[in-house]
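Let me begin by presenting the structure, written as structure tokens, before commenting on it.
The values are calculated or read from the model by the stated rules, or taken from the named source; none is laboratory data. Because the structure is predicted, anything quoted here is derived from the model rather than measured. Heads up, the Cβs are rebuilt from the backbone with ideal geometry, glycines too, and the neighbour counts pull from every protein chain shown.
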């Protein structure tokens, strides 16, 4: 525990520490610091509070000989840390007072912190929530990732078009990171295999002519709630093995020498701006191997410090693969055990399988990683050999179990027999792990029945479900202090570490005074967010209107287009039919489009153009506003979610693995309109079907339509004039008078029998349910009751519950 | 490269005199060790100064081994730092070379006929 704790009050301690860091870390008095350096001084003081606790935590884990979990993820979407760390250390009030004593305001300083945007979306944010829960539950779990110099791009809007700007978040070093150059590791890549024999005459493939990268770790401390446990997220930067390759330099080619150094350091330079489609990019493959190799080098170093041999490896170490990006771990662990530690293949394989576990995050075929064999061999020649050997032995077993079943062998092989051949990373992960889980009930079932049915038949015991979760510390306590305080006043604060306790709010749903307070909190959150909309989207939103929010990555399957068609329908009903909506509504969109994803970027443009027409039409002024809030990121989400009345979760059924935005919105008292997809299904089961708006095709119906090729989109136009009118709008220049035919692609796409997202099949039910929603909003008491019940019944979706399940069923780790 | 060469009890011990053996100096090492390889069959390379070796450096040592074994001799390595040892293991070269903790152990292995 902090050694100062007994001698000073937390306020005095923090105030002194902040001033010390101002003077001796940053070289100025507090009064002379820039706003950014004021944040740095406060962050350094808070970091000091965590260091002692981290060392104490490590002593506890070592003393208990705890089994350790290493959670490996190519993304950790941390966002800002100051507010969350202060909440978890329970030092927020003390820090606020310390800053007041120095003449500053905590909230102003929190605003200065740049987001650590080391992730694209759900997968990376899940990893960050999991770290918070691991520490809160006192579990020995450590994150391993890449210290990208450039996080996810910043989104700017120019005439309705998305423009990407680099996010050089490390241009100024992060005060949260502790660099550990003494624990740097060497990572060889490229080269070729020379087939030789060793001193005893056995076959010995030697890896020759490799290039070496250096992985330098940077530690971010992760405090659990209460501050007893502080775990570590270790992020690696790539460095060149030396300043220049002096051999090239001496040959007179200065620029080539510089280029080689730059090429080495490029490995950790930039986060790939898509969580799905990156296959075929050699740098990404090197990036993935860099993460795997650095992680495993560190895991081995820690293990060998306390263990004489590898017989206890799997009972001392659990390694989790967050999607296939770290699936090379299978080959790397085998390589280390067989090549470096001289274990027999079968023993190494038993250890590897017992140690590794894999989470699948997507059913989208294009998002399943595959690497061309020639590229793979060029980058990782020894690993390709090992994968071939794993595959040979595995297919022997498969063939023995079902002789003559060529289709089965082809389907489960780690190598796709295409031209060129490809290494299938999901197959590698499934073969090399003892556990394969999906992230929501429906998704886990689809993994078993649609994605990997042959693997499920071969190893049914490996497949399981772990429904995603979110940390209530960040997404309620930190993001929505008004609601957190209201709940605390009503039922206490046990929910901060046990979200199921929110059930106690059930009885307040019928309490008029509580409902009024709940509405007041929501209204003030909407006022706060309306100011942000005004400042960033230049749209004046009325906080009394229904805030209808669709915030997530822009992607065809997430169907922002469907939502947009509802917006157009409402507008046309108003201006052409004279039908006023039941309630005024502000349609709010946010999300980034992958820079190379044309359709997604066109959707961003469409939202802007449609918004421009509606927002400038006097007939719609009192009823409709459309706003696209740029640069969606964690810190913006923290202000947006508490302001939502309605949460749009309208993906085509069977395509969203889980979603976590759906959980965050509900936790903040928004009602969901959604399809029966991902975790929406479980949210409905928890909050009750009467407190959620469900519409559209079910996953099995979607599958049936696709399989039977029976989709006839124009029939929906023929049978429903509302649908026809909306669709025809895209054939006109109504929303693109200055750029004729800009949106005719939408018309073609939604009328195409091959529209795999089945927009028109779901449009009429969507319009119908939106009518019900508008009607429901006109009854504030009933709406508020439903919103309170959503909050009260969302406890299942705490990441604490997810992590407990992972810890007990997969990792077998315990609190120390 | 100023390679120190000692002859002890019929075994030649050459000390690699650099911290890093890589693309910048591996050719120089090969040039300067060549006369030692020509004049001797049993050679111990003392790597106690070495802190980093890249694939060029490992290739140079492999070339030494091949020249000696081609004429019926042998090469033994000794006094490696942990980091250098790790690199040998990474690329399976520890199975090619006879590696010893100290030069005395390496010489003793020659005397024992291993």
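Each row is one residue, and each column tells you yes or no for (1) surrounded by fewer than 22 Cβ atoms within 10 Å (Cβ to Cβ); (2) at pLDDT below 90; (3) not assigned by TED's automatic domain parsing to the domain that holds residue A:436.
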position	(1), (2), (3)
A:261	yes, yes, no
A:275	no, yes, no
A:288	no, no, no
A:291	no, no, no
A:307	yes, no, no
Which numbered condition residue A:124 fails, given (1) closer than 16 Å to residue A:634 by Cβ; (2) in a loop (DSSP other than H, G, I, E, B): (2)
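Residue-wise test of (1) surrounded by 20 or more Cβ atoms within 10 Å (Cβ to Cβ); (2) closer than 27 Å to residue A:81 by Cα; (3) at pLDDT 90 or above.
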residue	(1), (2), (3)
A:183	no, yes, yes
A:194	no, no, yes
A:197	no, no, yes
A:221	yes, yes, yes
A:226	no, yes, yes
A:253	no, no, no
A:256	no, no, no
A:264	yes, no, no
A:285	yes, no, yes
Sole exception among (1) without any contact (Cβ under 8 Å) to a residue 60 or more places away in the chain; (2) assigned by TED's automatic domain parsing to the domain that holds residue A:356 for residue A:119, by number: (1)
Flag for residue A:794 being farther than 30 Å from residue A:317 by Cβ and within 25 Å of the chain's Cα centre (by Cα): yes
Residues being more than 7 Å from every other protein chain (Cβ to nearest Cβ) and outside any strand (DSSP E or B) - total across the stretch A:202-218: 1
Selection count, the stretch A:305-332, where residues are more than 19 Å from residue A:371 (Cβ to Cβ) and touching a helix residue (DSSP H, G or I) at 6+ places or on another chain (Cβ under 9 Å): 13
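Could you pull out the residue among A:385, A:410 that is more than 16 Å from residue A:289 (Cβ to Cβ) and out of contact with any helix residue (DSSP H, G or I) (no Cβ under 8 Å at 6 or more places or on another chain)? Full working, then the answer.
Numbers: A:385 fails: more than 16 Å from residue A:289 (Cβ to Cβ).
Testing whether each residue is more than 16 Å from residue A:289 (Cβ to Cβ) and out of contact with any helix residue (DSSP H, G or I) (no Cβ under 8 Å at 6 or more places or on another chain) leaves just A:410.
Being loosely packed, with under 15 Cβ neighbours inside 10 Å and either modelled with pLDDT of 95 or more or in a helix (DSSP H, G or I) (or both) narrows it down to one of A:484, A:530, A:513, so name that one. Give the derivation first.
Values: A:484 fails: loosely packed, with under 15 Cβ neighbours inside 10 Å; A:530 fails: loosely packed, with under 15 Cβ neighbours inside 10 Å.
Exactly one of A:484, A:530, A:513 is loosely packed, with under 15 Cβ neighbours inside 10 Å and either modelled with pLDDT of 95 or more or in a helix (DSSP H, G or I) (or both), namely A:513.
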Residue count, the stretch A:755-786 (criterion: out of contact with any helix residue (DSSP H, G or I) (no Cβ under 7 Å at 6 or more places or on another chain) and farther than 20 Å from residue A:675 by Cβ): 3
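Out of all the residues in the stretch A:435-454, is one or more within 29 Å of residue A:107 (Cα to Cα), modelled with pLDDT of 95 or more and either in the same structural domain as residue A:226 (by TED's automatic domain parsing) or not in a strand (DSSP E or B) (or both)? Please lay out each step first, then the result.
So the first thing to find is which residues in the stretch A:435-454 are within 29 Å of residue A:107 (Cα to Cα), and the list is none.
Checked against the condition, which is being within 29 Å of residue A:107 (Cα to Cα), modelled with pLDDT of 95 or more and either in the same structural domain as residue A:226 (by TED's automatic domain parsing) or not in a strand (DSSP E or B) (or both), the stretch A:435-454 yields no hits at all.
Take the residues in the stretch A:740-753 that are farther than 15 Å from residue A:603 by Cα and within 37 Å of the chain's Cα centre (by Cα); name whichever of them is surrounded by the fewest Cβ atoms within 10 Å (Cβ to Cβ). Please lay out each step first, then the result.
Kept after step one, since they are farther than 15 Å from residue A:603 by Cα, are these residues of the stretch A:740-753: A:740, A:751-753.
Remaining after also requiring within 37 Å of the chain's Cα centre (by Cα): A:751-753.
Numbers: A:751: 18, A:752: 12, A:753: 10.
So the residue we want is A:753.
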Conditions (1) in contact with a helix residue (DSSP H, G or I) (Cβ under 6 Å, 6 or more places away or on another chain); (2) closer than 19 Å to residue A:134 by Cβ; number of the one not met by residue A:53: (1)
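What residue, among those in the stretch A:131-142 that are in a helix (DSSP H, G or I) and touching a strand residue (DSSP E or B) at 6+ places or on another chain (Cβ under 6 Å), is surrounded by the most Cβ atoms within 10 Å (Cβ to Cβ)?
Restricting to residues being in a helix (DSSP H, G or I) and touching a strand residue (DSSP E or B) at 6+ places or on another chain (Cβ under 6 Å), the top hit is A:135.
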Output for the stretch A:424-438, where each listed residue is touching a residue at least 60 places away in the same chain (Cβ under 8 Å) and either surrounded by 24 or more Cβ atoms within 10 Å (Cβ to Cβ) or over 17 Å from residue A:348 (Cα atoms) (or both): A:425, A:426, A:428, A:429, A:430, A:431, A:432, A:433, A:435, A:436, A:437, A:438
Residue within the stretch A:536-553 that is surrounded by fewer than 19 Cβ atoms within 10 Å (Cβ to Cβ) and part of a helix (DSSP H, G or I) present: yes
Wholly enclosed helices (runs of 4 or more DSSP H) of the stretch B:2-114 bearing at least 3 residues touching a residue at least 60 places away in the same chain (Cβ under 8 Å) and more than 14 Å from chain A (Cβ to nearest Cβ): B:103-111
Number of the condition not met by residue A:416 [criteria: (1) away from every other protein chain (no Cβ under 14 Å); (2) within 26 Å of residue A:811 (Cβ to Cβ)]: (2)
Scan of the stretch A:322-340 for residues that are more than 21 Å from residue A:415 (Cβ to Cβ) and at pLDDT 95 or above, ordered by number: A:322, A:336, A:337
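Of all the residues that make up the stretch A:534-566, how many are under 30 Å from residue A:490 (Cβ atoms) and touching a strand residue (DSSP E or B) at 6+ places or on another chain (Cβ under 6 Å)? Give the derivation first.
The first filter runs over the stretch A:534-566 and keeps only residues under 30 Å from residue A:490 (Cβ atoms), leaving A:541-549, A:551.
Okay, now just the ones that are also touching a strand residue (DSSP E or B) at 6+ places or on another chain (Cβ under 6 Å), so A:541, A:545-549, A:551.
The total comes to 7.
Tell me whether the stretch A:402-413 contains one or more residues that are in contact with a strand residue (DSSP E or B) (Cβ under 8 Å, 6 or more places away or on another chain) and closer than 23 Å to residue A:348 by Cα.
If we filter the stretch A:402-413 for residues that are in contact with a strand residue (DSSP E or B) (Cβ under 8 Å, 6 or more places away or on another chain), which is where we start, we get A:413.
Filter once more, keeping what is closer than 23 Å to residue A:348 by Cα: A:413.
Looking for residues that are in contact with a strand residue (DSSP E or B) (Cβ under 8 Å, 6 or more places away or on another chain) and closer than 23 Å to residue A:348 by Cα, one finds at least one in the stretch A:402-413, hence yes.
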Evaluation of residue A:369 against (1) modelled with pLDDT under 95; (2) in contact with a helix residue (DSSP H, G or I) (Cβ under 6 Å, 6 or more places away or on another chain); (3) within 14 Å of chain B (Cβ to nearest Cβ) (one fails), failing number: (3)
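Based on what the data block shows, is residue A:199 more than 8 Å from chain B (Cβ to nearest Cβ) and in contact with a strand residue (DSSP E or B) (Cβ under 9 Å, 6 or more places away or on another chain)?
Numbers: more than 8 Å from chain B (Cβ to nearest Cβ): no; in contact with a strand residue (DSSP E or B) (Cβ under 9 Å, 6 or more places away or on another chain): yes.
It is false that residue A:199 is more than 8 Å from chain B (Cβ to nearest Cβ) and in contact with a strand residue (DSSP E or B) (Cβ under 9 Å, 6 or more places away or on another chain).
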